[in-house]
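Data block below; observations after.
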Amino acid sequence: MNEVCITFQSGGYENTDKAALVLRQFCSENNILSAETDKLEICLVEALNNVYEHSYENSGEGNVEIKLSLLERAIRIEISDNGKARSSLKPAVLEFDPEDIENLPEGGMGLYLIESIMDETRYTSINNRNTLNMIKNI
Amino acid sequence: MSEKFAVPAGFSLITIDASRFTGSSAHEYKIKLEELISCGYRKIIFDLSRVEYIDSMGLSVFLSAIKSAGEDGEFIITGVNAGIARIFALTRLDRIFKVKPAGNHN
């Protein structure tokens, strides 16, 4: 099985747990090492969190399509939604002073994790359709 | 199966009873923790031995709680598996919280 599609018509964060289960199955069927599977799971979950939190603003509504593909030497995860587009395309930074408790970040960790783990990420927003394309070499 | 370990003096123990500490369970814990902190609890040991996976929503529960706890706040996160330890290291939140692997209760 080289490609799997998952569609959620509504719902919220609970869908990230369901999608992670499908990803784990997909990786196991394609003999992906468990260390790589764990990293892919982080990226899939964080990308979906961002869709539900930012694109759909915690409304519990909204279509999300996920496509998992096995490429020659990589795994591609593509996630599309019809929500609000990302306002910034700058690379995520996560810098904080551990002594400065008051100013610790509470957001931005997801994108930072994705960009740290994935070999390639590309975000597009065309005709109200946002798509995040993530590639991890294996 | 929960592991037994000593809770340091002055600390309260909270067990995170979710196999996936993610967006689907994080909000509930965030509210509970806010209540505890507003009642004066500042030093908390979190038992994550039942947690298999944590995401940024789960991590943000600890972050928002330590902010509310302020300067007196001290959190120890124990019973973490290798994957969870990796997330704390990747986000460098292990500089804020004492993170202890499963089986290490010292």
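Relative to the present Cα-Cα distance, how much length would full extension add between A:Asn82 and A:Glu106 at 0.36 nm per residue of separation? So the extension gain works out to 6.1 nm. Net charge dipole, the protein assembly as shown: roughly 300 debye, given to the nearest 20, about the Cα centre with Cβ charges of +1 for Lys and Arg and -1 for Asp and Glu.
Placing +1 on each Lys and Arg Cβ and -1 on each Asp and Glu Cβ, with no other charges, gives segment B:15-106 a dipole about its Cα centre of roughly 240 debye.
Given chain B, what whole percent of its Cα pairs are spread farther than 23 Å? Percentage above 23 Å: 18. Ordering of B:37-47, A:75-85 by packing is A:75-85, B:37-47, highest average first (other Cβ atoms within 10 Å, averaged per residue). Here segment A:64-90 is scanned for amide nitrogen atoms under 13 Å from the site 7 Å beyond the Cα of A:Lys18 along Cα-to-Cβ, giving A:64-66. For segment B:8-22, the Karplus equation 6.51 cos²θ - 1.76 cosθ + 1.60, evaluated at θ = phi - 60°, returns couplings of x, 4, x, 9, 10, 9, 10, 9, 8, 9, 8, 6, 10, 8, 10 Hz by residue, with Gly and Pro reported as x.
Distance between the modelled labels on A:Glu115 and A:Val93, one decimal in nanometres: 1.0 nm (7 Å Cα→Cβ projection).
Rg and Dmax over the alpha-carbon atoms of segment A:1-85 stand at 12.7, 38 Å. Taking amide H atoms as placed 1.01 Å from N in the peptide plane, the amide H of B:Ile14 lies under 5 Å from those of B:Ile45, B:Phe46, B:Asp47, each 5 or more residues away in sequence or on another chain. Here segment B:16-54 and segment A:1-66 have alpha carbon centers that stand 23 Å from each other.
Near A:Ala74, the amide H atoms lying under 5 Å from its own belong to A:Ile138; only residues 5 or more places off or on other chains count, and H is placed 1.01 Å from N. Residue pairs exceeding 24 angstrom between C-alpha atoms, taken from A:Lys18/B:Lys98; A:Lys18/B:Lys30; A:Lys18/B:Lys67; B:Lys43/B:Lys67: A:Lys18/B:Lys98; A:Lys18/B:Lys67. Take the Cα radius of gyration of segment A:43-138 and divide it by 2.2 N^0.38 Å, N being the number of residues; the result is 1.16.
Kirkwood radius, the protein assembly as shown, all distinct C-alpha pairs, inverse of mean reciprocal distance: 18.8 Å.
Centroid-to-centroid, using Cα positions, segment A:107-138 and segment A:70-97 are 2 Å apart. Cβ-Cβ distance of B:Glu34 and B:Glu71, R₀ of 22 Å, FRET efficiency by 1/(1 + (r/R0)^6): the value works out to about 0.80. Taking the Cα centre of segment A:99-138 as origin and assigning +1 to Lys and Arg Cβ atoms and -1 to Asp and Glu Cβ atoms, the resulting dipole is close to 500 debye.
Over the C-alpha trace of segment A:87-136, radius of gyration and Dmax come out as 13.8, 44 angstrom. Projected onto planes of every orientation and averaged, the convex hull of the alpha-carbon atoms in segment B:10-67 covers 3.6 nm².
Bear in mind that the values in this text are calculations on the coordinates, not laboratory data. Predicted model only: the values in this text are computed from it and were never measured. Note: ideal-geometry Cβ built from the backbone for every residue, glycine included; neighbour counts use all protein chains shown.
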